[in-house]
Amino acid sequence: MISAICISPVVLARAGILNGNESTVFNSPDTVDELKKHGAVYQDRDVVVSGRIVTGKDPKSAEAFGKAVLKALKKV
């Protein structure tokens, strides 16, 4: 299980981890373009769970992101 929130999903995208996976990121032209450039399927949602990958959009989504991470960890 791996997770990232705000602009950190860009790191996962650059590492190839998000390739072919739905994900979200802090919504700016640069961050969204970076995800798409590395094969991520961008979703404009607060939290996205794609298999064992959890991504969160921004600080406002932190609570929902934390709950999604806990739920994913229970499946490990």
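The values are calculated or read from the model by the stated rules, or taken from the named source; none is laboratory data. Note that the coordinates shown come from a computational prediction; the quantities given were computed from them, not determined experimentally. Note: ideal-geometry Cβ built from the backbone for every residue, glycine included; neighbour counts use all protein chains shown.
Brief remarks follow.
- Test: residue in the range 57-67 that is touching a residue at least 40 places away in the same chain (Cβ under 8 Å) and charged (D, E, K, R): yes
- Within the range 47-68, tally of residues that are surrounded by fewer than 18 Cβ atoms within 10 Å (Cβ to Cβ) and more than 19 Å from Gly20 (Cα to Cα): 8
- Annotation note: Cβ proximity below 8 Å between a residue of the range 18-44 that is over 21 Å from Lys60 (Cβ atoms) and part of a strand (DSSP E or B) and a residue that is modelled with pLDDT of 95 or more and of a type in the set (D, E, K, R) (sequence gap 6+ or interchain) occurs for Val41/Glu22.
- Filter result for Gly51 (of a type outside the set (Lys, Arg), under 24 Å from Val76 (Cα atoms) and out of contact with any Asp or Glu (no Cβ under 7 Å at 6 or more places or on another chain)): yes
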